[in-house]
Structure formats: structure tokens, C-alpha cells
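Contents: one structure, followed by commentary.
The values are calculated or read from the model by the stated rules, or taken from the named source; none is laboratory data. Predicted, not measured: the structure shown is a model, and the values here were computed from it. Note: ideal-geometry Cβ built from the backbone for every residue, glycine included; neighbour counts use all protein chains shown.
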Amino acid sequence: MTEKKVPFTLAQLEQIEKSYSTPFHIYDERGIRENARRLKAAFSWNPGFKEYFAVKACPNPFLMKILRDEGFGMDCSSLPELLLSEKVGVVGEGIMFTSNDTPADEFVKAKALGAIINLDDITHIPFLEKSAGLPELVCFRYNPGPLKGGNSIIGHPEQAKYGFTREQLFEGYRMLKEKGVKRFGLHTMVASNELNPQYFIDTAEMLFDLVADISTTVGITFEFVNMGGGIGIPYKPEQVAVDLTLVGEGVRQAYEKRILGNGHPPLKVYLECGRMVTGPFGYLVSRVRHIKKTYKTYAGLDACMANLMRPALYGSYHHITVMTKPGAPCNTMVDVTGSLCENNDKFAIDRILPELTPGDLVVIHDAGAHGHAMGFQYNGKLRSAELLMREDGSVKQIRRAETVEDYFSTLDFDAVAKF
Ligand SMILES: *Cc1c(COP(=O)(O)O)cnc(C)c1O
């Protein structure tokens, strides 16, 4: 069980609303920092441990700076993400560039920044060599295919577009060695939103065994393994967060047995989590605009799927707290909707909540990853502001809401008038 709490009171939200109107995303700095420290502590047995924050989860430079302060690197997979990382002062091997179907200019920028380049395919070796030149350190992404079960968001590894096959890894590292590459890493990412701690321990065991195998066969020494991201979060109250200490301890035991125990040199362990880093610490705050009763009861919010599209995209559950009805009995069934002209613009279907009335203030939980970041402007729905609740309780706007001018900024109305 996970108690779905909020880090602010109704009075605090009403105060915030005097400066920023709903809907808005608000992030809890204290929660983000404490969680970051828990993650680091779980792997503190590994001297080179580093978490590379998967920027796509929440690409806000203020939050990235907080994470940089906590010692995190940045996991980037596009040119804008590389530029964001550069802007917050994370460069060099503070960046893991894990991309796929990569354009040449992104390899050029990643190489110029000194990022760790993680290749998704064996043909990217000559492609990288030709476009940017091979760096001294190269990593490959492994796709174990049928050798490992997947999970529902990422699907089965053998149907995933990512990574090298096992045979391609051996061949690829041989090619790198021949071409004079000196430093090596191995990466995999086979799960998304996984809540079973054993899954990550199994992944580490798989990587450690592979490192041992490839080192011996190809005659190279690995510097790190990157276990990818995919640590899930308890979106539903009946779910339980991944016990990070347990994962860290399981990975340590596997490391001591399979790496140190077999006489292999020490390895750095990396993670590139996104969701669990910011997800639980972001909240979408919205007011009920209309209550509509037809064949069902609908509560229409001033937020819509442009602010959080996970329910529409994956049918995901996001917990909803009605701030203005504390202690009221949950006795009515509603669909909680937005105003977008798509019938799947619903934050919840058949949700049991206290009886809602127009003006109620609701908080949608776990919106801190793939929330604002997945926003879009379809139907002229504009993305909301992002706010940060600092550790002292003060609130800072870290991205303003979009305006109609932003929406029109790629159009030339003078040209339209003359057309
Ligand atoms: C999305 C992604 C991550 C982060 O995944 P989470 O589920 O958010 O932890 C890490 N690495 C790669 C390559 C990704 O695409």
C-alpha cells in the first residue's frame, strides 16, 4: 500500500492560485532531493556509481540543476536534450547519449560535448566513425531478445526496436578494439515502470555475466555497466514502491560473486532512471469547471490531456485527490475529463470520488514524469505552467504557461494576408 499524499495544503494552493491560475504542474523539491539521496545511498557500495537522469521524463532545466547538485548525470537522446544538459552545466562524461535511429548531427554534438556515446546498432559504428569520429569510450545497448521477459510498457525485448543482439555485441566490441577504441561500457534497458525489485537484480546478473564473457572472449576490459532505467512508481494506492535498498543490495551481491569473485577488475554501475526520479514529486493541479450528467456523470476540468496524456495513451491510473472535500465520503462514480475534442481525453473513468461540484480543486498525482513533457498543442490546447515548491515552502515559476502567441509563433500571418 502507498498512501497518496500531497506536500501542500489547500490554503497553500489557494495562495499559489493568486499568482498562477490553474491548471499548473507543481514539483516538490524536497521530495526530489530526498529520493535522489536514497537512490545514491542504495548504490554507495559501488565507488563509481552514477545515475544519469533520463531527461525526457521531465526536461525542465531548473529540475535538472537540482539533480546535477545531487550528483546526477543526464541521459539524453536528442539534440535539444543535449543542449539542455549543456545549458545546466552537465557536459563530458556527465552525459550519457542513449539514442536510436540517430541523425549524424546528434553524434557530432554528443562527441563535441565529450558525452558517453551509447550505440543502438552495429551499423552505427561506421556511421559514428564517419560522422563524428570514434571517441575513446564507447558503449553498446544490449537487447537480450527472448533471453529475458519484458513488461507491458516496453513490450517483449525481441519485438523492441532497441539494441544489439548478443552475437552483434561480440562482433561490435571486436570492431571497436581493432579501430583503437580503448574504453568500453555495456548498457541495457529492458523494462519500463517495473515494480518488481528482483527484475533489476536479474538484469544486473545478466550484464555482469555478459561483461565476463565478452572480456574473456574479445580481450577487452569494461569500465561500466549501465542498467538503464525502468524503475516503476506506485501509481495506484495498492502498489508498493521499489525498495531501492533491496535492489542495491541484490546488485552488490551479484557484483561480488560474478565480477570480483571471478577475478574481473572493478566496474562502475550506472542507472538512467527518469520516472522514479521526478514522477511521484510532480502534481497536476486543476479546478472542476463543469459537472455534466447524461448517460454517465462527467467532471470537466480546466486541465486536459495536453497536460498529462498517460491515461489517454496507456489507460494509466493516476490518483486524484479532491483538495476541497477533505474527509468527504467517496460515494460517486465519475469520469474526470478535459476539454479536448477527443473522447479519450479523460484523466479517470468510473472513478469513485467525493461528489464533485464546479470549482472543486483537484490534484492529479504522479504527474512529474511524462506529464508536462508529453504535452502537445493539438486542438489549440496549450501547455500549462510548471512551478517548483522549494524546501522553504516558497513557490517559483520554472516555466510559464504557453500563450496563443506561442501557438502562432511558427506562422507568418502577413504571408497569410497576402496569400
Ligand atoms: C526512457 C528511457 C529511460 C528512462 O526510463 P524510466 O522508465 O523513465 O526510468 C532510460 N533510458 C532510455 C534509453 C530511455 O529511453
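Which is among the charged types (D, E, K, R), out of contact with any helix residue (DSSP H, G or I) (no Cβ under 7 Å at 6 or more places or on another chain) and assigned to a helix (DSSP H, G or I), of Glu86, Glu81, Glu106, Glu14?
Testing whether each residue is among the charged types (D, E, K, R), out of contact with any helix residue (DSSP H, G or I) (no Cβ under 7 Å at 6 or more places or on another chain) and assigned to a helix (DSSP H, G or I) leaves just Glu14.
Would a scan of segment 191-204 turn up a residue that is in contact with a helix residue (DSSP H, G or I) (Cβ under 9 Å, 6 or more places away or on another chain), modelled with pLDDT under 95 and among the hydrophobic types (A, V, I, L, M, F, W, C)?
Yes: segment 191-204 contains one or more residues that are in contact with a helix residue (DSSP H, G or I) (Cβ under 9 Å, 6 or more places away or on another chain), modelled with pLDDT under 95 and among the hydrophobic types (A, V, I, L, M, F, W, C).
For segment 114-127, enumerate the residues that are within 20 Å of Glu167 (Cα to Cα) and without any contact (Cβ under 8 Å) to a residue 40 or more places away in the chain.
Thr123, His124, Pro126, Phe127
So, in segment 175-204, of the ones that are more than 16 Å from the ligand (Cβ to nearest atom) and more than 22 Å from Met96 (Cα to Cα), which residue ends up farthest from the chain's Cα centre (by Cα)?
Glu178
Quick one: would you say Leu313 is within 16 Å of the ligand (Cβ to nearest atom) and farther than 19 Å from Ile231 by Cα?
Taking the combined requirement at face value, the residue satisfies it.
Determine which member of the set Gly282, Gly261 is small (Gly, Ala, Ser) and out of contact with any Phe, Trp or Tyr (no Cβ under 6 Å at 6 or more places or on another chain). Talk me through it step by step, then tell me what you get.
Values: Gly282 fails: out of contact with any Phe, Trp or Tyr (no Cβ under 6 Å at 6 or more places or on another chain).
Answer to the selection: Gly261.
Could you list, in sequence order, the residues of segment 89-103 that are within 14 Å of the ligand (Cβ to nearest atom) and outside any strand (DSSP E or B)?
Ser99, Asn100, Asp101, Thr102
Name the one entry in Thr217, Thr221, Thr245 that is in contact with a strand residue (DSSP E or B) (Cβ under 9 Å, 6 or more places away or on another chain), farther than 24 Å from Met323 by Cα, outside the structural domain of Thr357 (by TED's automatic domain parsing) and polar (S, T, N, Q).
One residue alone meets the criteria, Thr221.
Any residue at all in segment 226-246 that's assigned to a strand (DSSP E or B), more than 12 Å from Leu195 (Cβ to Cβ) and within 16 Å of the ligand (Cβ to nearest atom)? Break it down into steps so the answer makes sense when it comes.
Applying the first criterion (assigned to a strand (DSSP E or B)) to segment 226-246 yields 226, 231.
Retained after the next criterion (residues that are more than 12 Å from Leu195 (Cβ to Cβ)): 226.
From what is left, the residues that are within 16 Å of the ligand (Cβ to nearest atom) are 226.
Checking segment 226-246: at least one residue is assigned to a strand (DSSP E or B), more than 12 Å from Leu195 (Cβ to Cβ) and within 16 Å of the ligand (Cβ to nearest atom).
State whether the residues of segment 310-326 include one that is assigned to a helix (DSSP H, G or I), in contact (Cβ under 8 Å) with a residue 40 or more places away in the chain and buried (at least 24 other Cβ atoms within 10 Å of the Cβ).
Initial filter on segment 310-326 (assigned to a helix (DSSP H, G or I)): 310-314.
Checking which are in contact (Cβ under 8 Å) with a residue 40 or more places away in the chain leaves us with 310, 313-314.
Among the residues that remain, those that are also buried (at least 24 other Cβ atoms within 10 Å of the Cβ) are: none.
The answer is no; no qualifying residue exists.
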